[in-house]
Amino acid sequence: MYRKYSDGKAYKVIAYIFANFFKDEEQRIMRQVVKESRRHDCKVVFFSTLADFYFNDLNDRGEQKIFTAVSVERFDAIVLMSESFKLDEEQLALVGRAREAGVPVLTVDKGFAGCINLAMDYGNSFQEIVEHMVQFHGYRRVYFMGGMPDNDFSLERERVYLEAMEAVGVPREQCRIYYGGFWETPCQKAMEQMFQDFEQGLEVPEAIICANDSMALEVCNCLRQQGYQVPEDVAVSGFDGLEIERYHRPRLTTGVFNVEGLIRKAFEIIDQGCPDTYQGEKIPVYNAMRIGGSCGCRCRDDHNASMEMVSLKRELHHLLKYQGDLNQMVVNIGTLKQMEEALRVVPQFMGPLWYKDFWFCANQGFLEKDVMEFGSQEKEETPIDYTPVTKVLHYHNMDPAGGESGWAEVSYWEDMDFGGIVPDLHAQLEEKGFLLVTTMHLQGRSIGYTVITMDLERFWFVGYSAFLASFRHLMELLRAQNQLMKMYTEDLLTGLLNRNGFYLKVNQLLEKAEGQDLSIISLDMDGLKQINDTYGHAEGDEALHSLGAIIEDSIKQEVAARIGGDEFLIALTGRDIRERTQEIVHGIKKGIQAYNEVSEKEYELHASIGSCTDGIGGHTLDYFLKKADDLMYIRKSLHKRRQGHPKV
């Protein structure tokens with residue numbers, strides 16, 4: 001039974017889960033959540049993604065692992081921006097786990113059973129906009145650009161439009177409805193259809209009411225391309241108050257997403273202990289209309305559009321340069337042979353983010369390739385998303401301001417139980433007040449997660465999203481290199497080193513073993529050919545695999561290899577190692593004996609073993625190998641009579 005993060009603390013710890021942290025609207029929400037959490041003695045762990053699962057492809061399936069990164073039972077409450085994700089399966093699984101743990105979940109807009117549902121009241125604010133267009137301005141030839149025909153939000157706004165038109169005496173048959181899919185590309189196609197209708201005799205509207213800002217901006221763009229001025233020729237309204245709208249001229253008349261009201265209401269409910277009385281009903285959060293110039297109103301515009309465009313251009317240039325730097329990071333670091341050396345260079349590319357601390361909490365063995373398991377191939381186990389123990393890589397920005405120097409203190413692979421989020425969690429929460437968690441995945445499978453802290457006002461969220469994508473590619477490259485090295489140096493059948501790996505490791509030992517002794521143990525499996533001929537090559541492989549396992553169980557830090565066929569070698573260096581050499585030989589013999597006593601095979605395992613121990617000085621490796629082989633072959637000649645002998 002895990003303790004809650006807040007046990008023994010004077011604050012609650014809340015999980016806040018949402019998609020696409022790098023978008024302007026989501027950054028605005030994060031800032032408001034942190035601001036409100038301080039008023040309510042709460043700490044917040046944000047869990048977010050680089051995708052909203054629209055495509056449901058391999059990348060999206062990897063991003064969905066963010067839900068299993070949440071140890072729901074350890075939080076006091078969970079706020080789930082359910083409408084920000086396009087798929088529900090993983091959300092519902094998280095809600096189910098939270099319900100079992102007795103942890104309340106607050107959803108926003110998309111309600112789930114057993115949750116407290118906060119619902120933005122789009123209907124009333126949208127009605128204000130429509131009434132402003134048809135009553136205040138008196139437009140009667142008004143068309144509607146909806147989202148999708150079967151979408152609840154689109155249908156609600158379509159209903160409001162039709163009722164408002166009916167209220168001012170416009171018959172239903174004079175109302176025109178197009179569907180722009182809530183975003184630019186389908187809206188462009190809908191506008192093309194509208195222009196074709198103009199050519200067929202349809203009157204140009206006085207106004208077009210759009211179900212969201214993305215479509216409203218595209219409607220304005222399409223009208224201009226056809227020579228129509230907004231609002232002089234056609235008035236336009238939007239809805240939902242996108243951040244990008246403030247760069248548009250004229251500013252849109254639109255509905256503003258009431259972030260402050262939403263977050264305030266969520267924390268009020270959490271303060272009350274999330275009583276069950278809130279479940280089963282929608283708790284409305286009211287939005288507001290904001291008047292712009294696109295409807296025909298004369299509005300004072302305090303924004304300096306030219307300066308804002310210069311700022312946007314500068315930011316785009318900055319992002320393109322940073323993306324080029326990240327590409328260079330992957331190329332350059334990917335050529336380094338030692339992983340620690342590669343990871344030590346990464347912080348040099350993180351300076352522009354203005355971060356404070358970054359953790360990569362990796363699954364154990366995340367760089368390893370899949371191991372062939374002989375004799376247990378009946379059923380492949382379902383992979384877990386996160387291992388019980390994670391290996392933590394930590395970058396601490398040494399610039400006190402969190403600036404661009406790229407100077408970081410690096411610590412490697414500290415063990416931490418999954419669910420701890422980061423080492424010394426409470427110190428981090430008490431100092432910063434919040435953390436941002438994202439999942440790290442390769443080919444749709446989780447390899448761990450990342451955590452970062454920052455100054456919310458200065459942090460470069462878009463740059464961080466680009467960094468995470470490049471960091472993932474770097475991990476994929478390092479894993480591929482690791483797998484290639486394993487294929488070059490390891491024997492897939494036994495998991496021991498192969499001939500290449502043996503010579504590589506032993507030569508590394510000899511470089512550090514001046515004045516010491518070297519022992520070589522040479523081992524041949526007896527009767528492999530007879531096992532292959534009598535019982536098949538699959539049984540021969542099984543026998544080699546079993547002997548390899550016995551050897552591995554008999555050694556500690558020594559080097560062991562299968563160098564080909566039925567031949568094995570073990571090497572160790574040190575002083576006074578003859579006794580240890582005999583311990584290994586004795587251990588292998590006992591392991592073979594124990595195997596034969598319990599094995600249900602129709603044959604027994606046997607091996608011939610020889611060893612040589614001598615001072616390294618003045619001798620080559622080949623000298624030791626030949627001495628050990630000679631002794632092994634003497635013993636092998638004595639064992640000929642029992643090669644592959646069946647059990648009796």
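The values are calculated or read from the model by the stated rules, or taken from the named source; none is laboratory data. What you are looking at is a predicted structure, and each value in this text was computed from that prediction instead of being measured. Cβ: placed from backbone, ideal geometry, glycine included. Neighbour counts: every protein chain shown.
The set of residues in region 37-66 that are of a type outside the set (Val, Ile, Thr) and part of a loop (DSSP other than H, G, I, E, B) comprises 40, 41, 50, 51, 52, 53, 54, 55, 56, 57. Within region 523-538, not a single residue is part of a helix (DSSP H, G or I) and under 39 Å from the mean Cα position of the chain (by Cα).
For region 535-568, a residue qualifies if it is more than 17 Å from residue 584 (Cβ to Cβ) and in contact with an Asp or Glu (Cβ under 8 Å, 6 or more places away or on another chain), and the qualifying residues are 535, 544, 566. Being under 26 Å from residue 611 (Cα atoms) and surrounded by fewer than 19 Cβ atoms within 10 Å (Cβ to Cβ) is a property that does not hold for residue 496.
When region 193-222 is limited to residues that are over 26 Å from residue 287 (Cβ atoms) and touching a residue at least 24 places away in the same chain (Cβ under 8 Å), the one that is nearest to the chain's Cα centre (by Cα) turns out to be 222. Of all residues assigned to region 173-196, at least one qualifies as being under 23 Å from residue 126 (Cβ atoms) and in contact with a Leu (Cβ under 7 Å, 6 or more places away or on another chain).
Regarding region 303-318, can at least one residue be identified that is out of contact with any Phe, Trp or Tyr (no Cβ under 9 Å at 6 or more places or on another chain), modelled with pLDDT of 85 or more and not assigned by TED's automatic domain parsing to the domain that holds residue 244? No, every residue in region 303-318 fails to be out of contact with any Phe, Trp or Tyr (no Cβ under 9 Å at 6 or more places or on another chain), modelled with pLDDT of 85 or more and not assigned by TED's automatic domain parsing to the domain that holds residue 244. What number goes with the only condition from (1) more than 23 Å from residue 429 (Cβ to Cβ); (2) buried (at least 22 other Cβ atoms within 10 Å of the Cβ) that residue 109 does not pass? Here residue 109 meets the rest and fails (2).
The residues of region 79-93 that are touching a residue at least 40 places away in the same chain (Cβ under 8 Å) and surrounded by fewer than 23 Cβ atoms within 10 Å (Cβ to Cβ), listed by number, are 81, 84.
Check region 398-409 and report whether any residue there is hydroxyl-bearing (Ser, Thr, Tyr), surrounded by fewer than 18 Cβ atoms within 10 Å (Cβ to Cβ), modelled with pLDDT of 85 or more and outside the structural domain of residue 63 (by TED's automatic domain parsing). No, region 398-409 has no match at all. Selection of region 469-520 for residues being without any contact (Cβ under 8 Å) to a residue 60 or more places away in the chain and acidic (Asp, Glu) yields 476, 490, 511. Number of residues in region 435-459 that are surrounded by 20 or more Cβ atoms within 10 Å (Cβ to Cβ) and farther than 14 Å from residue 357 by Cβ equals 8.
Of the residues making up region 1-36, those that are over 27 Å from residue 100 (Cβ atoms) and not in a loop (DSSP other than H, G, I, E, B) are 24, 25, 26, 27, 28, 29, 30, 31, 32, 34, 35, 36. What are the residues in region 327-344 that are over 23 Å from residue 435 (Cβ atoms) and surrounded by 15 or more Cβ atoms within 10 Å (Cβ to Cβ), if any? Once the filter is applied, which keeps residues that are over 23 Å from residue 435 (Cβ atoms) and surrounded by 15 or more Cβ atoms within 10 Å (Cβ to Cβ), region 327-344 yields 329, 330, 333, 334, 336, 339, 342, 344. Take region 522-564 and flag every residue that is small (Gly, Ala, Ser) and closer than 25 Å to residue 583 by Cα. 522, 527, 543, 546, 548, 549, 554, 560, 561, 564 - these are the residues of region 522-564 that are small (Gly, Ala, Ser) and closer than 25 Å to residue 583 by Cα. Tell me, yes or no, whether region 99-107 has at least one residue that is without any contact (Cβ under 8 Å) to a residue 60 or more places away in the chain and under 18 Å from residue 437 (Cβ atoms). Yes, because at least one residue in region 99-107 is without any contact (Cβ under 8 Å) to a residue 60 or more places away in the chain and under 18 Å from residue 437 (Cβ atoms).
Figure legend. Inter-residue proximity from region 405-424: first residues in contact (Cβ under 8 Å) with a residue 12 or more places away in the chain and closer than 19 Å to residue 15 by Cβ, second residues surrounded by 14 or more Cβ atoms within 10 Å (Cβ to Cβ) and of a type in the set (Lys, Arg), beta-carbon distance below 9 Å, spacing 6+ or different chains. Indicated pairs: 416/391; 419/74; 421/74.
If you check 93, 98, 69, which single one turns out to be assigned to a helix (DSSP H, G or I), in contact with a Phe, Trp or Tyr (Cβ under 7 Å, 6 or more places away or on another chain) and small (Gly, Ala, Ser)? 93 is the lone residue from the list that is assigned to a helix (DSSP H, G or I), in contact with a Phe, Trp or Tyr (Cβ under 7 Å, 6 or more places away or on another chain) and small (Gly, Ala, Ser).
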